[in-house]
Amino acid sequence: MMDTVSSKLLLCLLILSLGTLVASSTKKPKWCPYRCSCSIEKRAVFCRDASLKEIPPELPSFLETLNLYNNKISTIPDNAFSKLGNLTLLVLTKNVISSIDENGFNGLSKLAELSLADNKLNISELEEKVFSVVPTKLPSLTKLFIGSPNLAFREGSLSALSNSSVRLLDLTYSYQICDLPDAVFANLVLDRIN
């Protein structure tokens, strides 16, 4: 009879220990922004539909993925990502971004994929603050998603990308795609255009 009580007690302690272990392993890291989910294993922050108005400050430098899909971010300030040198994927799709400061993409030399699709950026802003900095500030960028409903391309708009590593250009959400001038894609070395 004593063995049965001891066994039950031991089993209860084991279950409690496992519950504590599971709870502590799923606990949100302190650096994880409010309304976001974070994964240390994936080196990622997911702030999808979090109503953020700005890029979360003080994110850890080990991050490789930052997903800020469908928020209310309106600008990318200087050095917004300068401490995130390991970032390879940055998703800013479906925000209200209308301006990018001159040094908004500083420090992202490993960035391979950037999505600015479905924002309020105009072609001049993209030419000056994105396309022109890709070869120098974003040398690893291979995938660029920039489609937006009101984006009107003009001849030479994408010429700065001709000396870049961009191989996939996605223009999804661009309703004026049928009206593109023939020379928009001149001198680009792309594997794919969506």
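The values are calculated or read from the model by the stated rules, or taken from the named source; none is laboratory data. Values in this document were obtained by computation on a predicted structure and should not be read as measured data. Neighbour counts run over all protein chains shown; Cβ positions are idealised from the backbone, glycine included. Just so you know, the surface numbers come from the protein's heavy atoms only, side chains and all, with ligands and any DNA or RNA stripped out. Shrake-Rupley method; radii C 1.70, N 1.55, O 1.52, S 1.80 Å.
Got at least one residue in the range 121-135 being open to solvent by 20 Å² or more (accessible area, probe 1.4 Å), part of a loop (DSSP other than H, G, I, E, B) and either modelled with pLDDT under 95 or more than 29 Å from LYS83 (Cβ to Cβ) (or both)?
Yes; the residues of the range 121-135 include at least one that is open to solvent by 20 Å² or more (accessible area, probe 1.4 Å), part of a loop (DSSP other than H, G, I, E, B) and either modelled with pLDDT under 95 or more than 29 Å from LYS83 (Cβ to Cβ) (or both).
Is it fair to say ILE100 is in contact with a strand residue (DSSP E or B) (Cβ under 9 Å, 6 or more places away or on another chain), under 30 Å from LYS53 (Cβ atoms), at pLDDT 85 or above and of a type in the set (Val, Ile, Thr)? I'd like the intermediate steps shown before the answer.
Values: in contact with a strand residue (DSSP E or B) (Cβ under 9 Å, 6 or more places away or on another chain): yes; under 30 Å from LYS53 (Cβ atoms): yes; at pLDDT 85 or above: yes; of a type in the set (Val, Ile, Thr): yes.
Yes; evaluated as a whole, the condition is true for this residue.
Kindly indicate the residue of the range 51-95 that is of a type in the set (Phe, Trp, Tyr) and open to solvent by 30 Å² or more (accessible area, probe 1.4 Å) and also farthest from ILE146 (Cα to Cα) among those meeting that condition. Outline the logic, then answer.
First, pick out the residues of the range 51-95 that are of a type in the set (Phe, Trp, Tyr): 62, 69, 81.
Applying the additional criterion that residues be open to solvent by 30 Å² or more (accessible area, probe 1.4 Å) yields 62, 69.
Details: PHE62: 26, TYR69: 14 Å.
Among those that are of a type in the set (Phe, Trp, Tyr) and open to solvent by 30 Å² or more (accessible area, probe 1.4 Å), it is PHE62.
Since PHE105 meets every condition but one in (1) part of a loop (DSSP other than H, G, I, E, B); (2) surrounded by fewer than 17 Cβ atoms within 10 Å (Cβ to Cβ), which condition does it not meet?
All conditions are met except number (2).
Sort out which residues of the range 129-178 are in contact with a Phe, Trp or Tyr (Cβ under 7 Å, 6 or more places away or on another chain) and of a type in the set (D, E, K, R), and write them in order of number.
Matches in the range 129-178: LYS137, ASP170.
Inspect the range 182-190 for any residue being hydrophobic (A, V, I, L, M, F, W, C) and either part of a strand (DSSP E or B) or in contact with a Pro (Cβ under 6 Å, 6 or more places away or on another chain) (or both) and give the result as yes or no.
First pass over the range 182-190, keeping only residues hydrophobic (A, V, I, L, M, F, W, C): 183-186, 188-190.
Now restrict to residues that are either part of a strand (DSSP E or B) or in contact with a Pro (Cβ under 6 Å, 6 or more places away or on another chain) (or both): none.
No.
Across the range 25-58, which residue is farthest from ASN86 (Cα to Cα) among those that are of a type in the set (Phe, Trp, Tyr) and assigned to a loop (DSSP other than H, G, I, E, B)?
Step one: list which residues in the range 25-58 are of a type in the set (Phe, Trp, Tyr), which gives 31, 34, 46.
Restricting the remaining residues to those that are assigned to a loop (DSSP other than H, G, I, E, B) gives 31, 34.
Working: TRP31: 17, TYR34: 22 Å.
The extreme case among them is TYR34.
State yes or no: is SER148 part of a loop (DSSP other than H, G, I, E, B), of a type in the set (S, T, N, Q) and open to solvent by 10 Å² or more (accessible area, probe 1.4 Å)?
On the way: part of a loop (DSSP other than H, G, I, E, B): yes; of a type in the set (S, T, N, Q): yes; open to solvent by 10 Å² or more (accessible area, probe 1.4 Å): no.
No.
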